[in-house]
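Structure record follows, encoded as structure tokens.
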Amino acid sequence: MIGTSAPGGERLARLAARVADGSWPAAALLAGAALALLGALVLPAAVVVLPLMLAGNVALVTLLALETGAAPALRCLLLTVLLLAPLLLLGAGPLGYVLLIAWLPALLAGLALRTWGSLSLGLLPLVALALGVLLLVDVSGLAAGQAQLRASLFDSLHRLDPTLPTAELDAALDLMMTLAGGLLALMLLAAWSGGLCLGRSLQARLRRPGAFAQEFRSLRFGRVYALLVLAALAAAAAWRLGAGGLAVELALVLAFPALLQGLAVLHAHTARSARWRRLPWLVYVLLALATPQVGSLLVLLGLVDNWADFRNRPLR
């Protein structure tokens, strides 16, 4: 997440310079990225590839906003729309939604980061957008009407492992559908946040190599936000799946920045101690394999850091 090999770093720097130019070549790159994201929708492994492609699109638009500002970034996005106009006119309906989901968060977060120069303040608009997605899904009842999707998921999981107990699989899918809005918002927030960090990292390669690593290690959301997360977690523990699981969904989304702060604490500690250089990568692997358990520990670490200030404590 923080470092890249030298040859790869040079290629990324060239890519960043082309996007930061904000002209037709940048628009062509953005159009290609948007088409790749649209194509990922139909891949068999879409559930894995789609978030990665979304993060890539967000990174490019974030870099554009960081380097050029609001008006030039909007002009470049307009050029990109012109390049994509034939597809839009031919009825590639999902493309418009793809652009909205990728471009709007990236533009808002990138401009916030450019204005305030704070990674945490750049991430907060993404949290607000994710909460908006969550409320939209819950209020519209989109998840409740997806009986066909639930049946498709059941068949796919059963084919992958026929030994799965039907009762347990039904219970797990019922929980997923109940929390569909929160899980969707969390997935989008993770992809948007990853894209924002990648875009900031690309800008650092152009302007000040190594600056993003320092910025990420100092990421902190503060005690006020930590208290908000603690209140959301308490509400989730009290109401659980009551009211359609809304309290749990809100806690999932609001706790994500605390998880990022926990990762920042981890990276800061390993940067100061030569003995634990590879620890973050082990944690990322464990996070992918046991997301609820490892994610909860990182959230706890991030919340406590707002009072314990682990990063300013002397090493032992």
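Read the figures in this text as sums done on the coordinates, not as results from a lab. Given the structure is predicted, the values throughout are model-derived calculations rather than measurements. Ideal geometry is used to build each Cβ from the backbone, glycine not excepted, and the neighbour counts take in all protein chains shown.
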Taking 83, 301 and counting other beta carbon atoms within 10 angstrom, the fewest-first order is 83, 301
When the chain is treated as a GNM, springs tying every alpha-carbon pair under 10 Å, which of 180, 191, 85 comes out with the largest mean-square fluctuation?
-> 85
The chain: most fluctuating residue of 293, 214, 261 per GNM, C-alpha cutoff 10 Å = 293
Given charges at beta-carbon only (K, R positive; D, E negative), |dipole| of the range 171-316 in Debye = 940
Please label the shape of the range 218-316 as rounded, prolate or oblate, based on the square roots a ≥ b ≥ c of the eigenvalues of the alpha-carbon gyration tensor (a/c under 1.5 means rounded; beyond that, a/b larger than b/c means prolate, else oblate).
-> oblate
Compute the length gained on full extension between residue 128 and residue 291: take 0.36 nm times their separation in residues and subtract their Cα-Cα distance, giving the result in nm to one decimal.
-> 56.4 nm
Phi to ³J(HN,Hα) by Karplus 6.51 cos²θ - 1.76 cosθ + 1.60 over the range 119-126, Hz, x for Gly, Pro | 4, 5, 6, x, 7, 4, x, 5
Computed on Cα atoms, the radius of gyration and Dmax of the chain in angstrom are 20.4, 64
When the chain is treated as a GNM, springs tying every alpha-carbon pair under 10 Å, which of 60, 228, 123 comes out with the largest mean-square fluctuation?
-> 228
